[in-house]
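The values are calculated or read from the model by the stated rules, or taken from the named source; none is laboratory data. Note that this is a predicted model, so its numbers are computed, not measured. Cβ placement follows ideal geometry from the backbone for every residue including glycine, while neighbour counts extend to all protein chains displayed. Just the protein is used for accessible areas: all its heavy atoms, side chains included, with ligands, DNA and RNA removed. Shrake-Rupley method; radii C 1.70, N 1.55, O 1.52, S 1.80 Å.
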Amino acid sequence: MKIIKAKDYEQMSRMAANILSAQVIMKPDCVLGLATGSTPIGTYNQLIEWYKKGDIDFSGITTVNLDEYKGLSPENDQSYRYFMNTHLFDHVNIDKSRTFVPDGLEADSAKACSDYDQIIADCGGIDLQLLGLGNNGHIGFNEPADAFAKGTHCVRLTQSTIDANARFFASLDEVPREAYTMGIGTIMLAKKIVVVVNGSGKADIVKKAFFGPITPQVPASILQLHSDVTVVGDAEALSAL
Ligand code: GLP
């Protein structure tokens, strides 16, 4: 595992964007696994800036997102499909039909999950997966659990995640209680993984996840077993190391 220390959020975002853009330049038809949350927004902004300068071409790439709230439509401004459109896809020359997010409107969880696993398999797997880190160590929406989940599954969000994500919704009651998420097994099959973390609020969980015991109670801890993980963090997030 490589740990890259950035001085602040802007530098963290540029460094992560550099890794993603190198991936796209080296393999223009690659499959990128993408993440939502506030942390990667700066990374996406940087990629958009470089695209506008003519430095990156997204026309050949495919993307698969980690997760989606169950019950939210793509038009709902809190859905992760909406997030990806507004924070990246609408601003670059990506073929939207090659961008995938679990179908939040599919009420049949088993079908939503097996369809998404099939999509990922049809893409041929993920070349580079971008991850954020939840306050409780979750990745995607893989919450602390008794075991690591392999494939896409429906999760009941923990109260701490519901509380953390409430800041994006009009009220706590509007935060969906369930989500579809790519499994830990699928994330671990990505050839490369880049984790972005910022802020002092993540310092303790960064230490636990990347230097503590490997346990499904801290889902990100499994990343210690992956052969190509780069954590790009700002000084605050890495301050407990
Ligand atoms: C959500 C997402 C995760 C993300 C996490 C952290 O729960 N499902 O993929 O990593 O939030 O979000 P933030 O980057 O806003 O701290």
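Over the chain, consider all pairs of different Cα atoms and compute the Kirkwood hydrodynamic radius from their mean reciprocal separation; express it in Å, one decimal.
Values: mean 1/r = 0.0563 Å⁻¹.
Value: 17.8 Å, from the Cα pair sum.
Go ahead and estimate [θ] at 222 nm for the chain from helices alone: -39,500 (n - 2.57) per DSSP H run with n ≥ 4, summed, over the residue count, rounded to 500.
On the way: 7 runs with 75 residues, N = 241.
Calculated from helices alone, the mean residue ellipticity at 222 nm is -9500 deg cm²/dmol.
Please report the carbon-and-sulfur percent of the accessible area for segment 2-234; probe 1.4 Å, protein heavy atoms only, DNA, RNA and ligands left out. Could the numbers behind the result be given before it?
On the way: 5170 of 9920 Å².
Answer for segment 2-234 is 52 percent, counting heavy atoms of protein chains only.
Cross-link list Lys2/Lys207; Lys5/Lys202; Lys52/Lys96; Lys70/Lys208; Lys2/Lys192: which exceed 20 angstrom alpha carbon to alpha carbon?
Values: Lys2/Lys207 14 Å; Lys5/Lys202 14 Å; Lys52/Lys96 18 Å; Lys70/Lys208 29 Å; Lys2/Lys192 12 Å.
Flagged as over cut-off: Lys70/Lys208.
Quote the relative contact order of the chain in percent (integer), defining contacts as alpha-carbon pairs under 8 Å separated by 6+ residues. Each step should come with its number before you reach the end.
Numbers: 500 pairs, mean separation 60.7, N = 241.
Value for the chain: 25 percent.
Quick one: check the C-alpha center-to-center distance for segment 125-191 versus segment 203-239, whole angstrom.
15 Å
So if R0 is 35 Å, what FRET efficiency would Asp95 and Ile4 give, r being the distance between their Cβ atoms, rounded to the nearest 0.05?
The value I calculate is 0.70.
Hey, got the dipole for the chain? About the Cα centre, +1 on K and R Cβ, -1 on D and E Cβ, debye to the nearest 20?
Numbers: 21 positive and 29 negative charges, 157 e Å.
The calculation lands at about 760 debye.
Sorted from largest down, give the three principal axis spans of the alpha carbons of segment 165-241, whole angstrom values.
Extents along the principal axes: 40, 30, 21 Å.
Hey, can you find the accessible area per residue of the chain for me, probe 1.4 Å, expressed in square angstrom?
Working: 10360 Å² over 241 residues.
With all protein chains present, the chain gives 43 Å² per residue.
When the expected Rg is taken as 2.2 N^0.38 Å, what fraction or multiple of it is the alpha-carbon Rg of segment 31-148? Display every interim value, and only then the final one.
Working: Rg = 14.5 Å, N = 118, 2.2 N^0.38 = 13.5 Å.
In units of the 2.2 N^0.38 Å rule of thumb, it is 1.07.
For Arg167 and Lys52, what is the calculated FRET efficiency with R₀ set at 41 Å and r taken between the beta-carbons, to the nearest 0.05?
Numbers: r = 29 Å, r/R0 = 0.72.
Efficiency at R0 = 41 Å is approximately 0.90.
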